[in-house]
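Some notes on the structure that comes next.
The values are calculated or read from the model by the stated rules, or taken from the named source; none is laboratory data. If you're wondering where the values come from, they're calculated on a predicted model, not measured in any experiment. Positions of Cβ are backbone-derived with ideal geometry, glycine not excepted, and every protein chain shown enters the neighbour counts. These accessible areas exclude ligands, DNA and RNA; they are computed on the full protein's heavy atoms, side chains included. Shrake-Rupley method; radii C 1.70, N 1.55, O 1.52, S 1.80 Å.
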Amino acid sequence: KAWFKWLHASGKITIDPAAAIVLPKKEQRGRREFLLPNEARRLLSECRDPQLKFALYCALHQGLRKLEIIEARCVWFDLDAGLLHVQATPTFETKDRDSRTVPLTKDFRDWLKSEFWPNGVPEANSYAFHPEAKKGAYRYRYDFRKAYDKLVSDCGLNVTFHDLRRTFASLLVSSGVSLYKVAKWLGDTIEVVEESYGHLIQQDEDINKSWQAKLPSKGSEAPHVRST
């Protein structure tokens, strides 16, 4: 429409063939693009599939991308140190080829120890998520989209799986965690995180300091010197 409008306005065509076309307005989502803590907890508690629950934890508690979760190897998880090391494997390259380390949350670490790997982390080179699935031509070695969509629908929520990664970042930033830390844990640049989540930075009382400071008395004010 813009192209034809410009052609018509500049006299290059006599009739604008797109003038009568009314473009549909993009439907706005009826909610935020991240879950509140109680919603995230409900999603985890309602999940009965341990493998899917592992994926939920990885996204909500560690900020992992879908492909990172599917390609995760057991060696990434150091339960003793409480660390998750996202790194390249024979079948996976990290985004921008940059490895990163994310501290495991206490809830996720405890769940891994007590329910997912009660006998300890399996063989280092095996997949952590659905280890029986083999790598094929499809991008995802194992796709859990249908199971996830059903769980979200059953919980009465409206979020994509990538929104869980957004939830991870959003809740951290709104809780006062620095953008630098969140960026490092997400594997993104500070600029990207600031653009996406900077508006969630919590109230900072430093904004009031200039108005709460004791002003000098009128007689003690320094004279204003006009520059020449």
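Among LEU171, TYR140, VAL159, flag the residue with its Cα farthest along the positive direction of the charge dipole of the stretch 131-173, charges on Cβ as +1 for Lys/Arg and -1 for Asp/Glu.
Checked the options; the winner is TYR140.
Let's see if you can work this out: charge +1 on each Lys and Arg Cβ, -1 on each Asp and Glu Cβ, no other charges. What is the dipole magnitude of the stretch 48-199 about its Cα centre, in debye to the nearest 20? Mind dumping the intermediate values first?
Numbers: 22 positive and 21 negative charges, 60 e Å.
Approximately 280 debye in magnitude.
Just want the answer: with Cβ charges of +1 for Lys and Arg and -1 for Asp and Glu, which residue in GLY120, LEU7, ALA81 is farthest toward the dipole's positive end in the chain?
The listed residue farthest towards the positive side: LEU7.
At 1.4 Å probe radius, can you tell me the per residue accessible area of the chain in Å²? Provide the component values of the computation, followed by the final result.
Working: 15220 Å² over 228 residues.
Here the residues of the chain average 67 Å² of exposed surface.
For the chain, give the percent of accessible area contributed by carbon and sulfur heavy atoms, probe 1.4 Å, rounded to a whole number.
Numbers: 8100 of 15220 Å².
About 53 percent, which is the carbon plus sulfur part of the accessible surface.
Considering the alpha-carbon set of the stretch 1-137 alone, what are its Rg and its Dmax in angstrom?
Using the Cα atoms of the stretch 1-137, the pair Rg, Dmax is 23.8, 77 Å.
Set the Förster distance to 22 Å, then compute FRET efficiency between GLU39 and ILE201 from the Cβ-Cβ distance, nearest 0.05.
Details: r = 21 Å, r/R0 = 0.97.
That pair, GLU39 with ILE201, gives E of 0.55.
For the stretch 92-169, what are Rg and Dmax over the alpha carbons, in angstrom?
My reading of the Cα-based Rg and Dmax gives 15.2, 38 Å.
Based on the alpha-carbon gyration tensor of the stretch 102-225, what equivalent-ellipsoid semi-axes (square roots of 5 times the eigenvalues) come out, in whole Å, largest first? Could the numbers behind the result be given before it?
Details: eigenvalues 468, 63, 47 Å².
In descending order the semi-axes read 48, 18, 15 Å.
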